[in-house]
Structures are given as structure tokens and as C-alpha cells.
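Here the structure comes first, spelled out in C-alpha cells, and everything after it is commentary.
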Amino acid sequence: MKTLSIKQVNRLYLVTMLLVLTLGSLMQYLSFTWGLIGTEVLLIMLPAIWFLRRQQIDIPSSIGIRRTRGSILLVSLMLGGGAWLVGSQIELMMVGLTGYTTPTPAGIIPTNFFQAALIFIGLAVAAPVCEEILFRGVIQNTYQAEKSAAVAITIASLMFVFYHMRLQGLPALLPVAFILGYVYWRTRSLYASMAVHFANNFFPVILLVQAGLFPEMQLPFPSLPAAAFGLLLIPAGLVLLNRLTRTPIDEPAGQPTPEPKKLRYWPLVAAFGLYTIMAIVEVGNAAALAKLTWNPQQLPTQTAWTYEMRHKGGELVGEAECGIITTAEAYRLACQRSNEAFEIQVDNSFYSSLAGSTELTAEWSKENLNLIHLEQTNTAEQNFSSLWQIEPHGQQLKTSLQNNHLPSMELQFAADALVEEEWAWRAMALPFANEKFWVVQYLNPLTWREKTKDSGPVVETSFIRITGPESVAVPAGTFQTWKVQLGLNQSAWYRVDEPHILLKYASNVFDYELTKEE
């Protein structure tokens with residue numbers, strides 16, 4: 001059977017990459033949904049089909065368009081879903097390691113059902129069909145004619161990964177890329193690899209539709225439990241696939257046209273150069289966004305809010321009143337709260353508090369909203385009291401803790417760090433937008449320190465992530481909100497409309513919900 005040469009498919013790969021980077025980027029800038037569909041059909045699939053026709057190659061038989069049993073397609077869907085569940089968790093890990101997220105393209109989140117349908121067609125239909133024709137049907141098939149199965153799968157999979165022009169997202173694409181290559185080789189069916197690709201892309205479609213049309217809905221993925229389930233699906237799917245199919249006998253389709261090896265692979269070198277440039281641009285853009293900058297003018301001043309306080313089991317246990325005023329040099333936060341005693345077990349976590357009260361004052365610089373002073377006094381039953389303060393110390397800040405059950409402790413930390421609890425009210429001045437991400441320093445004034453086996457202040461590297469909008473109901477009403485996540489354990493919700501009032505705050509111990517604004 002006549003096939004293309006490796007040099008020809010490498011050139012085709014480079015040409016389509018250039019088309020996607022230029023015309024595809026322009027099309028998706030003008031309209032993401034229509035541009036995505038156009039990119040897949042016009043710039044990825046059609047050049048591959050045209051090239052095969054030009055070389056007078058029988059398309060159905062050469063790329064693997066053949067009847068495929070339903071059982072194989074079901075296993076392929078299983079593998080694609082498992083690959084995404086694992087890959088999505090890898091991507092979250094990479095976000096934590098690199099400290100940035102890539103900007104979300106404008107128009108990718110649907111605002112109506114027609115846009116949702118276009119997103120589905122673009123991501124779950126056009127992408128699997130068009131990309132599988134190019135990468136498995138043309139590229140991998142050509143390499144299989146001259147190379148071993150392992151080499152052909154590896155090269156085609158890496159070409160697929162680099163084609164997506166993602167540095168941070170590259171590791172997350174590796175599982176599905178190699179699964180796609182293996183399924184195509186094992187089944188010799190393009191429909192099977194399309195099914196894998198469809199399932200892998202269907203999950204992001206669900207997330208986008210949920211974010212745009214059903215923001216109040218909570219999904220169980222991406223998450224560690226979902227990734228663990230994916231790790232079970234993948235080996236189970238591979239075992240089933242091997243039982244349903246015979247091991248292919250690789251028979252090279254004729255002798256390849258003699259050609260210098262240097263000329264074979266120059267398009268891949270050029271493509272990797274393009275990838276390197278785009279990776280540098282990605283890192284450069286991330287560095288520009290890595291520094292958290294506040295919008296002080298957003299802070300609502302001369303205003304007070306009342307919050308009900310609930311423990312993690314949902315029972316009402318207290319009330320808090322907070323307000324912000326403006327002084328000559330700073331914004332000043334003042335909060336008072338009181339709570340009942342409680343003990344509650346939630347899953348594997350135990351929460352408890354003595355009955356008591358807390359007074360918190362914090363001052364932020366008018367220039368950059370850095371913390372310049374904080375004082376918190378805690379009093380509780382059983383003669384318990386503590387006082388911790390934060391004051392300027394040169395170019396840094398210094399915290400000191402006095403507790404009638406612990407020795408006095410001090411710690412220096414960066415002036416732009418966030419501090420437990422006060423951060424949630426300071427965050428009303430964040431530059432709100434979906435999928436914003438920053439790495440931050442966070443001070444917990446009193447926590448268990450594993451290294452020294454005692455309790456005291458700890459500064460750790462954490463992150464802030466903004467998502468939304470989503471609908472949130474609190475006693476004061478139902479609002480469209482931005483969700484701000486601080487690390488893995490704290491979240492706060494802010495009104496989308498200005499001023500961005502703090503509506504709900506899930507702290508380490510209490511959940512605050514707005515009851516009234518004055």
C-alpha cells in the first residue's frame with residue numbers, strides 16, 4: 001500500500017503548525033468558537049486530506065477508517081476519560097509548581113446554549129476528528145511503515161504534545177497523547193482513537209458549560225479522588241483493549257523513498273524552534289502577571305458589615321461585625337466577633353473552639369495595600385487570652401505573639417504577605433477576573449510546626465486563584481460572585497458588582513456569611 005514519506009509528513013506537520021499559529025490565532029481572536037471549528041477543519045484536517053489526495057493515496061484504507069466494534073469504542077471512551085482525570089490533576093500540580101496560569105481565551109466560556117453547542121462541536125467533535133486524521137491517520141501511520149511501533153507511537157505522541165504550544169500544560173498532555181497512539185496502533189482504527197480524544201475533550205466541555213450556564217452546580221472533578229479513579233480506569237482499559245484485540249503484525253508498506261536523514265527531520269527542528277519561542281512568550285507573560293497588584297480604590301470605606309458565623313458542620317455559633325474607614329495614610333479594618341464553644345467532627349477533621357471573643361484591627365498602606373499594622377486580641381473562657389501584633393521592621397514586618405499558655409514568639413516576614421483572616425477583607429481590592437492566579441506569602445500566626453514539634457507562627461508559600469462568576473446565597477441575599485481561593489483550605493466569595501463586598505468567607509475554623517450591610 002502506498003504511503004507518504006517521513007519527510008513529507010514532517011513538512012505537513014510544520015505547515016499546519018504555521019497555519020494554526022497565524023490564521024488560526026486570528027480566527028480564534030475574532031471569534032473563539034467559530035475560529036476553533038475553522039482552525040480544526042480548514043487548517044488541520046483539509047491540508048492533510050489534500051496532501052493524501054495529491055499523492056494519490058487511498059484515504060480510508062491508509063488512515064484506518066474501518067468498522068470498529070462497539071466494545072472497543074466503549075473501552076476507548078473509558079481510556080479517554082481516565083486520561084483526562086489524571087491529566088487535569090497533573091495540570092493543577094504544574095500550576096502550583098510554576099506559580100502561574102495561562103489566560104483564559106475570551107469567549108471560551110459560553111453565555112447561552114447556542115454558544116455551548118458551538119463549544120461542544122469545536123472541542124468534542126471537530127478537534128477529535130480533525131486532529132486524529134492528521135496525527136494518527138497520517139503522521140503515526142507513516143512512521144509505523146518505517147519504524148517500530150514504540151518509536152512511531154513516541155514520535156507521533158510528542159509531535160502532538162508540542163503542537164499544542166503549551167509549556168506548563170505539556171506534562172498534562174502526555175498521558176492522553178501516548179494512549180491515543182497506543183489505541184490507534186493496537187486497533188488500527190481511527191474511530192477508536194477519535195473516541196479516546198472525544199472522551200478526553202468532553203470533560204473540559206462540561207466544565208466550561210458549568211462555569212458559564214450553571215455556576216451554582218458543584219462538579220466532582222478535577223480533584224484528587226477523580227484522578228485516583230482515572231488511575232484505575234487507564235490500566236483497566238488497557239487490559240480490556242488487549243483482550244478485545246489481537247497484537248498487530250507490523251508490515252512496512254513497501255520500501256520508503258531514499259532520502260538524506262538530515263532533510264527528513266529539519267521541519268521538526270523548525271517546529272521545536274517555534275515551540276520554544278511560544279514557551280518563552282508564555283513564561284514572559286506569566287512573569288508579568290506573577291506580581292499581585294491591588295486596586296485600592298475598590299475598597300469600600302465608611303461601611304460596616306455583619307456576618308453570622310457557623311462551624312464546619314453548618315451550625316450557627318456566633319456573629320462578627322467588620323468595617324473599613326480611611327485615615328490620612330492608611331485604610332483601617334476593625335472587626336469584632338464572639339462565638340459559642342463547640343466541638344465538631346467533619347469527615348477526618350476535628351474542629352473546636354472555646355466560647356470567647358476577638359477584636360482585630362489592621363491597617364493597609366494607601367499606596368499598595370501592604371499591611372503596616374495589625375493587632376488581634378483573643379479572650380476566652382477558662383482564663384485564656386492571647387495578643388498578637390504585626391509591626392514594621394525595616395523593609396519587612398515582624399509578628400509577635402503573647403499567649404498565657406505559650407512562651408512569647410517573634411517572626412519576620414515580607415511586607416506584601418497576606419495574614420490569616422485579614423486577607424479576606426483586603427481581597428475586596430483584587431483585580432477580579434476569571435482564572436487569575438498569583439503566588440503569595442501567607443502568615444499563619446499560630447499553627448503546628450512539624451520541624452520544631454511545637455506551635456507558633458509560620459510563613460508559607462501559597463497561591464490566590466480567582467474563578468467565576470458563580471451564584472452564592474447568603475442571609476443577605478443571592479448574588480453573582482467571584483470566588484477567591486487561598487491555598488487549598490480557604491475560600492472567599494465577593495460580589496461581582498462594585499463594590500466587591502465580601503459575602504462569604506470559609507476560613508480555617510469558621511464560615512462567615514453576610515447578613516446585612518450598613
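Here are a few things to note about the model shown:
- Averaging 1/r across all pairs of distinct Cα atoms in the chain and inverting the result yields a Kirkwood radius of 26.2 Å.
- Relative contact order for the chain, counting Cα pairs under 8 Å that sit 6 or more residues apart, in percent: 13
- Fully extending the segment from LYS451 to THR515, taken as 0.36 nm per residue of separation minus the present Cα-Cα distance, adds 18.9 nm.
- Candidate lysines - alpha carbon under 25 Å from LYS483, same-chain residues fewer than 8 apart omitted: LYS291, LYS312, LYS366, LYS436, LYS504, LYS516
- Residues PHE32, PHE272, PHE221 arranged by fewest to most Cβ contacts within 10 Å: PHE272, PHE221, PHE32
- Ordering PHE229, GLY64, TYR163 by Cα displacement along the dipole of the chain toward the positive end leaves GLY64 in first place; charges were set at the Cβ atoms of Lys, Arg (+1) and Asp, Glu (-1).
- Extension gain, ALA236 back to SER71 (0.36 nm per residue minus Cα-Cα distance, nm): 58.0 nm
- Separation of alpha-carbon centers, the stretch 410-445 and the stretch 182-251, rounded to whole Å: 38
- With the charge dipole of the chain set up from +1 on Lys and Arg Cβ and -1 on Asp and Glu Cβ about the Cα centre, the Cα lying farthest toward the positive end among the listed residues ILE108, GLN376, THR142 is that of THR142.
- Point-charge dipole on Cβ atoms (K/R +1, D/E -1) for the stretch 272-396, about Cα centre, debye to 20: 440
- Among PHE214, PHE178, sorting on how many other beta-carbon atoms sit within 10 Å of each Cβ, with the fewest leading, yields PHE214, PHE178.
- Between the residues GLY477, THR461, SER408, the greatest Cα displacement towards the positive end of the dipole of the stretch 296-517, with unit charges on the Cβ of Lys, Arg, Asp and Glu, is found for THR461.
- Here the Karplus curve 6.51 cos²θ - 1.76 cosθ + 1.60, taken at θ = phi - 60°, turns the phi angles of the stretch 5-12 into couplings of 8, 4, 4, 5, 6, 5, 5, 4 Hz, with x standing for Gly and Pro.
- Legend: ranking of residues TYR100, TYR184 from fewest to most surrounding C-beta atoms inside 10 Å; resulting order TYR100, TYR184.
- For the stretch 54-115 and the stretch 10-35, distance of Cα centres in Å: 18
- 37 °C / 0.692 mPa s Stokes-Einstein diffusion coefficient of the stretch 296-517, Kirkwood radius on C-alpha pairs, µm²/s: 182
- 0 to 90° range, to nearest 10: angle between helix 261-290 axis and the chain longest Cα axis: 10
- Listed by chain and number, the lysines placed with their C-alpha closer than 26 angstrom to that of LYS451 are LYS398; residues fewer than eight positions away on the same chain are left out.
- Placing +1 on the Cβ of every Lys and Arg and -1 on the Cβ of every Asp and Glu, with no other charges, gives the chain a dipole of roughly 3500 debye about its Cα centre.
- Reachable lysines, given that their alpha-carbon falls under 26 Å from the alpha-carbon of LYS7 and they are not under 8 places away in the same chain: LYS147, LYS261, LYS262
- A straight line joining the Cα centroids of the stretch 164-181 and the stretch 293-312 runs 41 Å.
- Helix 70-98 axis versus longest C-alpha principal axis of the chain: approximately 50°, rounded to the nearest ten.
We did not get these values from a lab; they are worked out from the coordinates using the rules stated. Keep in mind that this is a model prediction, so the values were computed, not measured. Glycine gets a Cβ as well: all are built from the backbone with ideal geometry, and neighbour counts include every protein chain shown.
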